[in-house]
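The next block holds one structure in the form of structure tokens; read it before the comments.
Please treat every number below as a calculation from the coordinates, not as lab data. Remember, predicted model here, so these are calculated numbers, not experimental data. All Cβ positions, glycine included, derive from the backbone under ideal geometry; neighbour counts span all protein chains shown.
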Amino acid sequence: MAHPRRPLGPPFKQPLARAGLIIELAKATGLSENKTALVLRELEDIVVQSLIPDSAGEFILPGLLRITIETVPAKPPGETTNPFTSEARLRGATPEKMRIKIRAATKLRNALRRVRTHQTHTP
């Protein structure tokens, strides 16, 4: 049986560090801080396992966010044109790199919109 959602508390004035997140999760769930830290550590491992090479290349935290990895191919050295002076110049080679994209899920965006419109319309 699912637990009912508790109402949102006051907003956090500072970003939560790891310890603060563990304390807040422990209070909200009734778990000990040690068990909550273990859950957070396992979540970190699952994210890494989902994003390493030869894996899915994507991690979805349902209702919150999606993390994807894109590989940008290497570029060979070549000649480019300076857009300000129109003179040709040599460009060095660039190595292959990883691009990590984190996108908010629609559920999170809608929840934030509801909270913001509620705050702006209350006297």
Item checked: Leading residue by the ranking (farthest from residue 57 (Cα to Cα)) among those in the range 74-98 that are in contact with a strand residue (DSSP E or B) (Cβ under 9 Å, 6 or more places away or on another chain) and among the hydroxyl-bearing types (Ser, Thr, Tyr) -> 81
Check: strands (runs of 3 or more DSSP E) wholly in the range 21-123 with at least 3 residues that are among the basic types (Lys, Arg) and touching a residue at least 12 places away in the same chain (Cβ under 8 Å) - which ones?
Finding: 97-104
